[in-house]
Amino acid sequence: MWASVPRVKFFNGYEIPLIGLGTYLTKGEEGVKSIKEAIDIGYRHIDTAYRYGNEAEIGRAVRDKLAEGFVRREDLFITTKLWNSFHSPEHVEQAFHRSLVNLSLDYVDLYLMHMPMGLQFRGFQQENLISYDSAGKVLCSEVDFCDTWKAMEQLVRTGKVRSIGVSNFNCSQLERLLSVSSIQPATNQVECNPGFTQKALIEFCQKHNITVTAFSPMGRANRSDSSSQVTASILTDPNVTALGTKYGKSNAQIVLRYLIDIGTIPIPKPSNRAETLENIDIFDFRLTAAELALMDRFDNGKRAVPLKYYSHHRDYPFREDTGETDDGGGK
Ligand SMILES: NC(=O)c1ccc[n+]([C@@H]2O[C@H](COP(=O)([O-])OP(=O)(O)OC[C@H]3O[C@@H](n4cnc5c(N)ncnc54)[C@H](OP(=O)(O)O)[C@@H]3O)[C@@H](O)[C@H]2O)c1
(Lines give C-alpha, C1' and ligand atoms only; values in the text may rest on other atoms or scores of the structure.)
Protein backbone atom coordinates (compact mmCIF):
# COMPACT_ATOMS: atom_id res chain seq x y z
CA MET A 1 0.00 0.00 0.00
CA TRP A 2 1.32 3.47 -0.89
CA ALA A 3 1.44 5.96 1.95
CA SER A 4 0.96 9.02 -0.16
CA VAL A 5 1.72 10.27 -3.63
CA PRO A 6 4.89 12.39 -3.92
CA ARG A 7 4.43 15.98 -5.06
CA VAL A 8 6.53 18.31 -7.18
CA LYS A 9 6.82 22.05 -6.70
CA PHE A 10 5.76 24.60 -9.27
CA PHE A 11 7.90 27.71 -9.77
CA ASN A 12 5.51 29.53 -7.40
CA GLY A 13 5.91 27.07 -4.51
CA TYR A 14 2.55 25.28 -4.88
CA GLU A 15 2.83 21.52 -5.13
CA ILE A 16 1.14 19.11 -7.52
CA PRO A 17 0.76 15.35 -6.84
CA LEU A 18 2.87 13.32 -9.27
CA ILE A 19 -0.07 11.24 -10.47
CA GLY A 20 -3.49 12.61 -11.34
CA LEU A 21 -6.85 11.18 -12.27
CA GLY A 22 -7.97 11.81 -15.86
CA THR A 23 -11.71 12.36 -16.18
CA TYR A 24 -12.42 12.83 -19.88
CA LEU A 25 -15.59 10.71 -20.49
CA THR A 26 -16.29 10.38 -16.74
CA LYS A 27 -19.98 11.22 -16.43
CA GLY A 28 -23.14 10.85 -14.35
CA GLU A 29 -23.68 8.90 -11.15
CA GLU A 30 -21.13 6.29 -12.19
CA GLY A 31 -18.65 9.12 -12.65
CA VAL A 32 -19.31 10.56 -9.18
CA LYS A 33 -18.84 7.07 -7.72
CA SER A 34 -15.58 6.52 -9.57
CA ILE A 35 -14.14 9.85 -8.39
CA LYS A 36 -15.06 9.15 -4.77
CA GLU A 37 -13.53 5.70 -5.07
CA ALA A 38 -10.35 7.23 -6.47
CA ILE A 39 -10.14 9.67 -3.55
CA ASP A 40 -10.63 6.74 -1.15
CA ILE A 41 -7.79 4.91 -2.91
CA GLY A 42 -5.44 7.88 -2.49
CA TYR A 43 -5.79 10.16 -5.53
CA ARG A 44 -5.55 13.82 -4.60
CA HIS A 45 -5.05 15.32 -8.07
CA ILE A 46 -8.06 15.41 -10.40
CA ASP A 47 -8.03 16.75 -13.95
CA THR A 48 -11.20 18.07 -15.54
CA ALA A 49 -12.21 20.74 -18.08
CA TYR A 50 -15.25 22.85 -18.91
CA ARG A 51 -15.33 21.02 -22.24
CA TYR A 52 -15.74 17.61 -20.56
CA GLY A 53 -19.13 18.68 -19.20
CA ASN A 54 -18.42 16.87 -15.92
CA GLU A 55 -17.22 19.60 -13.55
CA ALA A 56 -20.45 19.24 -11.57
CA GLU A 57 -19.81 15.53 -11.04
CA ILE A 58 -16.21 16.15 -9.98
CA GLY A 59 -17.37 18.89 -7.61
CA ARG A 60 -20.04 16.67 -6.07
CA ALA A 61 -17.61 13.82 -5.41
CA VAL A 62 -15.04 16.21 -3.92
CA ARG A 63 -17.58 17.99 -1.71
CA ASP A 64 -18.95 14.67 -0.43
CA LYS A 65 -15.45 13.59 0.56
CA LEU A 66 -14.77 16.95 2.20
CA ALA A 67 -18.08 16.73 4.10
CA GLU A 68 -17.19 13.23 5.33
CA GLY A 69 -13.97 14.69 6.72
CA PHE A 70 -12.05 12.13 4.65
CA VAL A 71 -9.82 14.76 3.04
CA ARG A 72 -9.09 18.45 3.53
CA ARG A 73 -9.44 20.87 0.65
CA GLU A 74 -5.76 21.83 0.94
CA ASP A 75 -4.76 18.20 0.34
CA LEU A 76 -6.61 18.08 -2.98
CA PHE A 77 -5.37 19.45 -6.27
CA ILE A 78 -8.13 20.30 -8.76
CA THR A 79 -7.37 21.33 -12.33
CA THR A 80 -9.88 22.66 -14.83
CA LYS A 81 -9.52 24.36 -18.20
CA LEU A 82 -10.64 27.40 -20.14
CA TRP A 83 -12.36 26.25 -23.33
CA ASN A 84 -11.17 27.50 -26.73
CA SER A 85 -14.30 29.51 -27.52
CA PHE A 86 -13.81 31.63 -24.38
CA HIS A 87 -10.43 33.10 -25.37
CA SER A 88 -11.63 36.70 -25.72
CA PRO A 89 -10.39 38.54 -22.64
CA GLU A 90 -13.96 39.70 -21.87
CA HIS A 91 -15.12 36.07 -21.63
CA VAL A 92 -12.31 34.66 -19.50
CA GLU A 93 -13.58 35.71 -16.08
CA GLN A 94 -17.14 34.59 -16.80
CA ALA A 95 -15.96 31.26 -18.18
CA PHE A 96 -13.83 30.68 -15.10
CA HIS A 97 -16.70 31.67 -12.82
CA ARG A 98 -18.92 29.08 -14.53
CA SER A 99 -16.34 26.38 -13.89
CA LEU A 100 -16.09 27.42 -10.25
CA VAL A 101 -19.88 27.31 -9.88
CA ASN A 102 -20.04 23.91 -11.59
CA LEU A 103 -17.38 22.61 -9.22
CA SER A 104 -18.93 24.45 -6.26
CA LEU A 105 -15.50 25.13 -4.84
CA ASP A 106 -13.93 28.31 -3.46
CA TYR A 107 -10.86 28.05 -5.64
CA VAL A 108 -9.14 25.81 -8.17
CA ASP A 109 -5.52 24.79 -7.86
CA LEU A 110 -4.74 25.05 -11.55
CA TYR A 111 -6.54 26.72 -14.44
CA LEU A 112 -5.25 25.84 -17.91
CA MET A 113 -5.77 27.36 -21.32
CA HIS A 114 -7.04 24.14 -22.94
CA MET A 115 -5.41 24.88 -26.32
CA PRO A 116 -3.59 27.81 -27.93
CA MET A 117 -6.38 27.99 -30.52
CA GLY A 118 -9.29 30.35 -30.04
CA LEU A 119 -12.66 29.37 -31.53
CA GLN A 120 -15.74 31.43 -32.34
CA PHE A 121 -17.83 32.23 -29.28
CA ARG A 122 -21.46 31.09 -29.47
CA GLY A 123 -22.39 31.04 -25.79
CA PHE A 124 -21.48 28.99 -22.76
CA GLN A 125 -23.82 26.04 -23.32
CA GLN A 126 -22.11 22.70 -23.96
CA GLU A 127 -23.80 22.38 -27.37
CA ASN A 128 -22.27 25.73 -28.46
CA LEU A 129 -18.63 25.04 -27.66
CA ILE A 130 -17.61 24.22 -31.24
CA SER A 131 -19.25 25.71 -34.33
CA TYR A 132 -18.72 24.73 -37.93
CA ASP A 133 -19.01 26.47 -41.28
CA SER A 134 -21.15 25.08 -44.08
CA ALA A 135 -18.24 22.90 -45.23
CA GLY A 136 -18.00 21.35 -41.77
CA LYS A 137 -14.81 23.20 -40.80
CA VAL A 138 -14.37 24.36 -37.21
CA LEU A 139 -14.90 28.14 -36.96
CA CYS A 140 -11.82 29.82 -35.51
CA SER A 141 -11.36 33.18 -33.79
CA GLU A 142 -8.52 35.65 -34.22
CA VAL A 143 -7.90 36.17 -30.50
CA ASP A 144 -4.21 36.14 -29.63
CA PHE A 145 -3.51 33.57 -26.91
CA CYS A 146 -1.24 36.13 -25.21
CA ASP A 147 -4.28 38.35 -24.62
CA THR A 148 -6.18 35.37 -23.23
CA TRP A 149 -3.23 34.69 -20.92
CA LYS A 150 -3.23 38.24 -19.57
CA ALA A 151 -6.91 37.81 -18.62
CA MET A 152 -5.99 34.52 -16.90
CA GLU A 153 -3.29 36.34 -14.93
CA GLN A 154 -6.03 38.56 -13.50
CA LEU A 155 -7.76 35.45 -12.13
CA VAL A 156 -4.71 34.63 -10.03
CA ARG A 157 -4.96 38.08 -8.48
CA THR A 158 -8.53 37.30 -7.29
CA GLY A 159 -7.21 34.38 -5.20
CA LYS A 160 -9.67 31.96 -6.80
CA VAL A 161 -6.95 30.35 -8.92
CA ARG A 162 -3.65 29.31 -7.37
CA SER A 163 -1.70 28.59 -10.53
CA ILE A 164 -2.31 29.02 -14.23
CA GLY A 165 -0.91 27.04 -17.09
CA VAL A 166 -1.38 25.98 -20.68
CA SER A 167 -2.12 22.84 -22.61
CA ASN A 168 -1.19 21.67 -26.12
CA PHE A 169 1.38 24.48 -26.53
CA ASN A 170 4.51 23.90 -28.62
CA CYS A 171 7.95 25.37 -27.81
CA SER A 172 7.64 28.48 -29.96
CA GLN A 173 4.21 29.25 -28.55
CA LEU A 174 5.58 28.90 -25.03
CA GLU A 175 8.50 31.13 -25.91
CA ARG A 176 6.15 33.81 -27.16
CA LEU A 177 3.95 33.51 -24.07
CA LEU A 178 6.95 33.74 -21.75
CA SER A 179 8.06 36.94 -23.49
CA VAL A 180 4.82 38.78 -22.59
CA SER A 181 3.66 37.15 -19.36
CA SER A 182 3.95 38.61 -15.90
CA ILE A 183 3.01 35.24 -14.39
CA GLN A 184 4.66 32.28 -16.08
CA PRO A 185 2.77 29.04 -16.79
CA ALA A 186 3.14 26.47 -14.01
CA THR A 187 2.64 23.56 -16.38
CA ASN A 188 2.15 22.63 -20.01
CA GLN A 189 -0.30 19.74 -20.24
CA VAL A 190 0.48 17.81 -23.40
CA GLU A 191 0.11 14.34 -24.83
CA CYS A 192 2.96 12.20 -23.59
CA ASN A 193 3.22 8.41 -23.69
CA PRO A 194 5.87 5.90 -24.78
CA GLY A 195 4.61 6.18 -28.36
CA PHE A 196 5.05 9.97 -28.31
CA THR A 197 7.57 11.02 -25.69
CA GLN A 198 7.91 14.76 -26.33
CA LYS A 199 11.59 14.75 -25.28
CA ALA A 200 12.42 18.17 -26.86
CA LEU A 201 9.36 19.85 -25.36
CA ILE A 202 10.10 18.36 -21.93
CA GLU A 203 13.65 19.68 -22.11
CA PHE A 204 12.43 23.14 -23.10
CA CYS A 205 9.89 23.20 -20.25
CA GLN A 206 12.44 22.01 -17.68
CA LYS A 207 14.79 24.79 -18.77
CA HIS A 208 12.03 27.32 -18.07
CA ASN A 209 10.82 25.76 -14.83
CA ILE A 210 7.52 24.71 -16.38
CA THR A 211 6.31 21.26 -15.31
CA VAL A 212 4.96 18.88 -17.94
CA THR A 213 1.68 17.12 -17.29
CA ALA A 214 1.27 14.01 -19.45
CA PHE A 215 -2.21 13.57 -20.87
CA SER A 216 -3.28 10.39 -22.67
CA PRO A 217 -0.37 8.65 -20.90
CA MET A 218 -1.79 5.29 -21.98
CA GLY A 219 -2.15 6.57 -25.54
CA ARG A 220 -5.91 6.07 -25.09
CA ALA A 221 -5.15 2.35 -25.22
CA ASN A 222 -7.82 0.38 -27.06
CA ARG A 223 -10.09 3.41 -27.41
CA SER A 224 -11.53 4.15 -30.85
CA ASP A 225 -10.67 7.86 -30.46
CA SER A 226 -6.92 7.10 -30.47
CA SER A 227 -4.89 7.75 -33.63
CA SER A 228 -2.05 5.55 -32.41
CA GLN A 229 -2.18 2.15 -30.80
CA VAL A 230 1.53 2.05 -29.93
CA THR A 231 0.94 2.33 -26.21
CA ALA A 232 -1.84 -0.27 -26.39
CA SER A 233 0.65 -2.70 -27.92
CA ILE A 234 3.12 -1.91 -25.10
CA LEU A 235 0.52 -3.18 -22.63
CA THR A 236 1.16 -6.69 -24.01
CA ASP A 237 4.78 -6.32 -25.15
CA PRO A 238 6.92 -9.20 -23.77
CA ASN A 239 9.96 -6.98 -23.08
CA VAL A 240 7.82 -4.67 -20.98
CA THR A 241 6.19 -7.66 -19.30
CA ALA A 242 9.72 -8.86 -18.39
CA LEU A 243 10.38 -5.50 -16.72
CA GLY A 244 7.04 -5.80 -14.94
CA THR A 245 8.00 -9.23 -13.67
CA LYS A 246 11.27 -7.85 -12.31
CA TYR A 247 9.45 -5.16 -10.30
CA GLY A 248 6.20 -7.04 -9.60
CA LYS A 249 4.25 -4.55 -11.73
CA SER A 250 1.92 -4.63 -14.74
CA ASN A 251 2.89 -3.24 -18.15
CA ALA A 252 0.61 -0.23 -17.48
CA GLN A 253 2.50 0.50 -14.27
CA ILE A 254 5.81 0.33 -16.16
CA VAL A 255 4.44 2.86 -18.67
CA LEU A 256 3.39 5.27 -15.90
CA ARG A 257 6.68 4.88 -14.03
CA TYR A 258 8.54 5.57 -17.27
CA LEU A 259 6.59 8.82 -17.70
CA ILE A 260 7.46 9.89 -14.16
CA ASP A 261 11.11 8.95 -14.62
CA ILE A 262 11.37 11.09 -17.77
CA GLY A 263 10.06 14.04 -15.77
CA THR A 264 6.31 14.24 -16.37
CA ILE A 265 3.16 14.11 -14.23
CA PRO A 266 0.84 11.51 -15.80
CA ILE A 267 -2.94 11.78 -15.52
CA PRO A 268 -4.26 8.40 -16.71
CA LYS A 269 -7.97 7.73 -17.02
CA PRO A 270 -8.74 4.30 -15.55
CA SER A 271 -11.78 2.31 -16.76
CA ASN A 272 -12.41 0.42 -13.56
CA ARG A 273 -11.37 0.00 -9.93
CA ALA A 274 -8.53 -2.42 -10.71
CA GLU A 275 -6.91 0.10 -13.06
CA THR A 276 -7.51 2.92 -10.57
CA LEU A 277 -5.65 0.92 -7.93
CA GLU A 278 -2.84 -0.06 -10.28
CA ASN A 279 -2.16 3.40 -11.67
CA ILE A 280 -1.32 4.93 -8.31
CA ASP A 281 0.81 2.01 -7.09
CA ILE A 282 3.99 3.09 -8.87
CA PHE A 283 6.02 4.86 -6.23
CA ASP A 284 8.03 1.97 -4.80
CA PHE A 285 10.35 1.41 -7.75
CA ARG A 286 12.21 3.30 -10.44
CA LEU A 287 13.49 2.28 -13.88
CA THR A 288 17.22 2.12 -14.60
CA ALA A 289 18.82 4.15 -17.41
CA ALA A 290 18.97 1.01 -19.59
CA GLU A 291 15.29 0.29 -18.94
CA LEU A 292 14.35 3.87 -19.80
CA ALA A 293 16.31 3.48 -23.05
CA LEU A 294 14.38 0.30 -23.81
CA MET A 295 11.09 2.16 -23.30
CA ASP A 296 12.35 5.10 -25.42
CA ARG A 297 12.45 2.79 -28.40
CA PHE A 298 8.64 2.66 -28.62
CA ASP A 299 8.47 6.31 -29.67
CA ASN A 300 7.28 6.44 -33.29
CA GLY A 301 6.48 10.17 -33.30
CA LYS A 302 2.76 9.57 -33.79
CA ARG A 303 0.20 11.27 -31.58
CA ALA A 304 -2.84 9.49 -30.19
CA VAL A 305 -4.57 12.91 -30.11
CA PRO A 306 -3.44 14.94 -33.16
CA LEU A 307 -6.39 17.39 -33.04
CA LYS A 308 -6.59 17.20 -36.84
CA TYR A 309 -9.94 18.99 -37.02
CA TYR A 310 -8.11 22.18 -35.93
CA SER A 311 -5.25 21.78 -38.40
CA HIS A 312 -6.40 24.83 -40.44
CA HIS A 313 -6.14 27.06 -37.36
CA ARG A 314 -3.46 29.76 -37.43
CA ASP A 315 -2.25 28.60 -34.02
CA TYR A 316 -2.45 24.83 -34.67
CA PRO A 317 0.43 23.66 -32.47
CA PHE A 318 1.43 20.44 -34.21
CA ARG A 319 2.57 21.57 -37.67
CA GLU A 320 6.13 20.79 -36.66
CA ASP A 321 5.10 17.12 -36.55
CA THR A 322 4.59 17.09 -40.29
CA GLY A 323 7.54 19.30 -41.13
CA GLU A 324 5.35 22.25 -42.12
CA THR A 325 6.75 25.57 -40.95
CA ASP A 326 5.36 26.99 -37.74
CA ASP A 327 4.79 30.72 -37.66
CA GLY A 328 5.63 30.93 -33.98
CA GLY A 329 2.05 30.46 -32.92
CA GLY A 330 1.26 34.14 -33.15
CA LYS A 331 -0.06 36.64 -35.55
N1 LIG B 1 -5.48 18.86 -22.25
C2 LIG B 1 -5.97 18.11 -23.22
O3 LIG B 1 -6.15 18.56 -24.37
C4 LIG B 1 -6.29 16.66 -22.93
C5 LIG B 1 -6.49 15.78 -24.00
C6 LIG B 1 -6.74 14.45 -23.70
C7 LIG B 1 -6.80 14.02 -22.37
N8 LIG B 1 -6.64 14.92 -21.34
C9 LIG B 1 -6.71 14.48 -19.93
O10 LIG B 1 -5.87 13.34 -19.77
C11 LIG B 1 -6.63 12.26 -19.25
C12 LIG B 1 -6.10 10.91 -19.71
O13 LIG B 1 -6.06 10.81 -21.11
P14 LIG B 1 -7.11 9.96 -21.97
O15 LIG B 1 -8.40 9.84 -21.23
O16 LIG B 1 -7.11 10.59 -23.31
O17 LIG B 1 -6.47 8.54 -22.15
P18 LIG B 1 -5.47 7.55 -21.40
O19 LIG B 1 -5.43 7.79 -19.95
O20 LIG B 1 -4.21 7.56 -22.17
O21 LIG B 1 -6.18 6.19 -21.77
C22 LIG B 1 -7.33 5.73 -21.12
C23 LIG B 1 -7.41 4.23 -21.37
O24 LIG B 1 -6.22 3.60 -20.88
C25 LIG B 1 -6.50 2.33 -20.41
N26 LIG B 1 -5.94 2.16 -19.08
C27 LIG B 1 -5.89 3.03 -18.04
N28 LIG B 1 -5.29 2.48 -16.98
C29 LIG B 1 -4.95 1.21 -17.35
C30 LIG B 1 -4.32 0.13 -16.69
N31 LIG B 1 -3.87 0.22 -15.44
N32 LIG B 1 -4.16 -1.03 -17.39
C33 LIG B 1 -4.59 -1.16 -18.67
N34 LIG B 1 -5.20 -0.16 -19.35
C35 LIG B 1 -5.37 1.00 -18.68
C36 LIG B 1 -8.02 2.19 -20.35
O37 LIG B 1 -8.36 1.34 -21.42
P38 LIG B 1 -9.36 0.09 -21.24
O39 LIG B 1 -10.72 0.70 -21.23
O40 LIG B 1 -9.07 -0.74 -22.45
O41 LIG B 1 -9.00 -0.59 -19.96
C42 LIG B 1 -8.54 3.58 -20.59
O43 LIG B 1 -9.73 3.62 -21.36
C44 LIG B 1 -8.05 12.56 -19.73
O45 LIG B 1 -9.02 11.78 -19.08
C46 LIG B 1 -8.11 14.05 -19.48
O47 LIG B 1 -8.32 14.32 -18.12
C48 LIG B 1 -6.35 16.23 -21.62
* To do: Can you confirm whether the range 287-303 contains a residue that is surrounded by 13 or more Cβ atoms within 10 Å (Cβ to Cβ), within 26 Å of Thr48 (Cα to Cα) and modelled with pLDDT of 95 or more?
  => yes
* Go through the range 183-297 and tell me which helices (runs of 4 or more DSSP H), entirely inside it, have 2 or more residues that are within 13 Å of the ligand (Cβ to nearest atom) and closer than 26 Å to Tyr14 by Cα. => 251-261, 273-280
* Structure fact -> Taking the range 130-158 and the residues there that are within 18 Å of His312 (Cβ to Cβ) and among the aliphatic types (A, V, I, L, M), the one that is surrounded by the most Cβ atoms within 10 Å (Cβ to Cβ) would be Val143
* How many of the residues making up the range 244-267 are touching a residue at least 40 places away in the same chain (Cβ under 8 Å) and surrounded by fewer than 22 Cβ atoms within 10 Å (Cβ to Cβ)? -> 3
* Assess whether Ile254 counts as being within 22 Å of Ala304 (Cα to Cα), among the aliphatic types (A, V, I, L, M) and in contact with a Leu (Cβ under 6 Å, 6 or more places away or on another chain). => yes
* **Tally of residues being within 19 Å of the chain's Cα centre (by Cα) and surrounded by fewer than 24 Cβ atoms within 10 Å (Cβ to Cβ) across the range 178-190** => 1
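The values are calculated or read from the model by the stated rules, or taken from the named source; none is laboratory data. Please read these numbers as outputs of a predicted model, since none were measured by experiment. Quick reminder, even Gly has a Cβ in these numbers, built from the backbone with ideal geometry, and neighbours come from all protein chains shown.
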